[in-house]
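Note sheet for the following structure.
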Amino acid sequence: MAMKKNDFLNLIDNLSATAKKGRWEFFYDKLADSLYWSKKKVSSETRLKKLSRETSLYVNPSGAIEGLMIQYFRNNFLEHNENLAKTSILKSIDKAENGEQISFGSKKDEVEALFSESVKSDILKDALEANYTLKDLDKVLRASVRA
Amino acid sequence: MRETPEDYLFQSLTHSRPVAFTKNNYARHIPRHPYIAGKDGLARIEEALLNPSVITRYTQSPHIPKAKRRCQAFYKILKRRDIGGGKFLLDYWQVIMIENKAHRRWEIATVLAGEDSPEYAMINTKIETILHDYR
């Protein structure tokens, strides 16, 4: 989904739909404590745009979002996202091979919805603390989009 | 940087022994971190380790409560852009390493390239402590 004019919230609110369209999956890197919700392979010119102390978006040169990454997931992110921690996400992570796709079975939609909410609140909380407005976040999102 | 059949070995500013990036971990990272691929990617990793802007430390205990691991993050800021209102965007590389006590060495866990990211988000001040600030 390419970024639309001045709509950071729209982008975040549509994460689940973007994920479905882009066939994103969850992956967890045990050594780095990184959780990915992304394509298995992002395109070569894609870069990470870190929007909070824990959340980065994969943005390609045309402004499309190819996924996101949370770090440090177990050591930090889950501690202040209790609703997400209460789901089966940790069990599912532990079942998966390091770096391989995580299966949530019938809980996939629930995990994705809670995860999207957690990401939104994480980004907005850190932005607010740093006195960034929604307009500032729009500016940040558009900064590396090539015309 | 030199390599062995298993590892890429990097010099760094603060470690007397080489910092290892196992080839298995490196290869596993490329699909989601394509910027580290090839000679350029490896050279940039070494540049971040030799000339960091900031070094932080933290501990990690993801699986076994008693098995805390020491971690460090080397940040190399490449560009700082003013967007007005006292706000800045950064391009930077971050190399995260973890102490492997069994092998008596530090190993790279992951490498991130942040682009046009707000300055406030670069360091996770919730868990990282600044060890050296060369800015």
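Could you calculate the FRET efficiency of B:His15 with B:Arg135 from 1/(1 + (r/R0)^6), where r is the beta carbon distance between them and R0 is 22 Å, rounded to 0.05?
0.60
Could you please state, rounded to a whole Å, how far the C-alpha centre of segment B:1-35 is from the C-alpha centre of segment A:32-109?
23 Å
Over 30 Å between C-alpha atoms is what I'm after, so list which of A:Lys39/B:Lys126; A:Lys95/B:Lys126; A:Lys50/A:Lys95; A:Lys41/A:Lys107; A:Lys50/A:Lys108; A:Lys21/B:Lys68 land there.
A:Lys21/B:Lys68
Quantify how strongly other chains surround peptide B:35-42 by giving the mean number of their Cβ atoms within 10 Å of each of its Cβ atoms.
1
Per the Kirkwood treatment, what hydrodynamic radius in Å, one decimal, follows for the protein assembly as shown from the mean inverse distance over all distinct Cα pairs?
So the Kirkwood estimate lands at 19.1 Å.
Could you order the peptides A:8-17, B:69-78 from most to least packed, using the average number of other C-beta atoms within 10 Å per residue?
Listed from highest to lowest mean packing, they are B:69-78, A:8-17.
With a cap of 12 neighbouring Cβ atoms within 10 Å, and only residues DSSP puts in a loop, list the chymotrypsin sites (Phe, Trp or Tyr not before Pro) found in segment B:103-135.
Sites meeting the loop and neighbour criteria: B:Tyr134.
Just want the answer: with Cβ charges of +1 for Lys and Arg and -1 for Asp and Glu, which residue in B:Pro118, B:Val95, B:Thr59 is farthest toward the dipole's positive end in segment B:2-135?
The one lying farthest along the dipole's positive direction is B:Thr59.
When you look at the Cβ of every residue in A:30-42, what mean number of other chain Cβ atoms sits within 10 Å?
The mean count of partner-chain Cβ atoms within 10 Å per residue comes to 5.
Where nothing but the Cβ of Lys and Arg (+1) and of Asp and Glu (-1) is charged, how large is the charge dipole of segment B:2-133 around its Cα centre, in debye to the nearest 20?
Dipole about the Cα centre, nearest 20: 540 debye.
Going by a ≥ b ≥ c, the root eigenvalues of the Cα gyration tensor, does segment B:1-90 fall in the rounded group (a/c under 1.5), the prolate group (a/b larger than b/c) or the oblate group?
oblate
Using only the alpha carbons of segment A:36-108, what is the convex hull's orientation-averaged projected area in square nanometres?
Mean orientational projected area (segment A:36-108, Cα hull): 5.5 nm².
Averaged across B:75-87, how many Cβ atoms of other chains sit within 10 Å of each residue's Cβ atom?
The shielding value for this peptide is 2.
Towards the positive end of the charge dipole of chain B, with charges on Cβ (+1 Lys, Arg; -1 Asp, Glu), say which of B:Ile83, B:Leu50, B:Leu131 has the farthest Cα.
Among B:Ile83, B:Leu50, B:Leu131, the one farthest towards the positive end of the dipole of chain B is B:Leu131.
Pairing the Cα long axis of helix B:38-50 with the longest principal axis of chain B, what angle in degrees results, from 0 to 90 and rounded to the nearest 10?
Computed tilt is about 80 degrees.
Taking just the alpha carbons, could you work out the radius of gyration and Dmax for segment A:8-142, both in angstroms?
Both quantities, over Cα of segment A:8-142: 14.2, 41 Å.
We did not get these values from a lab; they are worked out from the coordinates using the rules stated. Keep in mind that this is a model prediction, so the values were computed, not measured. Heads up, the Cβs are rebuilt from the backbone with ideal geometry, glycines too, and the neighbour counts pull from every protein chain shown.
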